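The values are calculated or read from the model by the stated rules, or taken from the named source; none is laboratory data. These figures come from a predicted structure and were not determined experimentally. Please note: Cβ atoms are built from the backbone with ideal geometry, for glycine as well, and neighbour counts cover all protein chains shown. To get the accessible areas, we keep the full protein, side chains included, count just its heavy atoms, and leave off ligands, DNA and RNA. Shrake-Rupley method; radii C 1.70, N 1.55, O 1.52, S 1.80 Å.
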Amino acid sequence: MSDANEPARTVEPGGGATGAGAADGPAAETGSAAADAPPQAAAEANDPAGTPDSADAGPVRRVRVVLVDDHRMFRTGVQAEIGQTERTGVEVVGEAADVDQAVSVITATRPEVVLLDVHLPGGGGVEVLRRCAPLMADAEQPVRFLALSVSDAAEDVIGVIRGGARGYVTKTITGTDLVNSVFRVQDGDAVFSPRLAGFVLDAFASTDAPPVDEDLDRLTQREREVLRLIARGYAYKEIAKQLFISVKTVESHVSAVLRKLQLSNRHELTRWATARRLV
């Protein structure tokens, strides 16, 4: 259920800037110096893996992140999966559910990375990118964006990349891979789910703008999501679960899509979507 009207939340750093395993002193020496050390120190010096609370484990790397998604349950799940700072190095410093909230909390917290949903109330992820362009261009402390969306549509991927996002991954990504992607984006790398990288290469290899599909342009972003899932054979209950909406809402979207495209049933809809390579 969407919670776009809830206030934006800024998460105050909870003393996580230095973890229990962070080092205050130099790393353990190796070689002859280690051989002359007391037995306990020598044992730690010869342990390449170290221990979580060893003073010899180097400083834990950190990245400050803002979560932007209009589904509270999804934000809560991401927070639980990657936001355990001592384990992952990811510190979630704010959340937002729509465009205005996102711009406000990003401006206030200045995170290194923003995990950005593509479809948001108030104009979508592209609008967030447009309004945060000065923060992305800041040479001293750039804010970088990684799109995290249920959609794997080419136009969504290309739209946010043209808007300035450094990458695009889908919500099927694992927690470990998401953490790795966040750190790569912090470093300035471009990160994509494998299938989506091809969309970007194809789009930027061509100097011609993609043709406008007037029929598809009649549909809202949510209707396009439902359209693609229907065309892929998903049942209404499966679509509702994946998009975090009710079955009744799915039915309403399907009815709207059929009406706007002047189609009679989901079989015609599937043929229509397949002919346009939307599945």
Problem - Verdict on Asp156 being in a loop (DSSP other than H, G, I, E, B), open to solvent by less than 60 Å² (accessible area, probe 1.4 Å) and touching a residue at least 12 places away in the same chain (Cβ under 8 Å) - result: no
Exercise for the section: Report yes if some residue within the range 105-121 is surrounded by 22 or more Cβ atoms within 10 Å (Cβ to Cβ), assigned to a helix (DSSP H, G or I) and modelled with pLDDT of 95 or more; otherwise report no. Expected result: yes
Exercise for the section: Please work out if Asp202 is over 27 Å from Val92 (Cβ atoms), at pLDDT below 80, open to solvent by 60 Å² or more (accessible area, probe 1.4 Å) and among the acidic types (Asp, Glu). Expected result: yes
Problem - Single residue of the range 61-99 satisfying the filter (among the basic types (Lys, Arg) and in contact (Cβ under 8 Å) with a residue 24 or more places away in the chain) that is surrounded by the fewest Cβ atoms within 10 Å (Cβ to Cβ) - result: Arg61
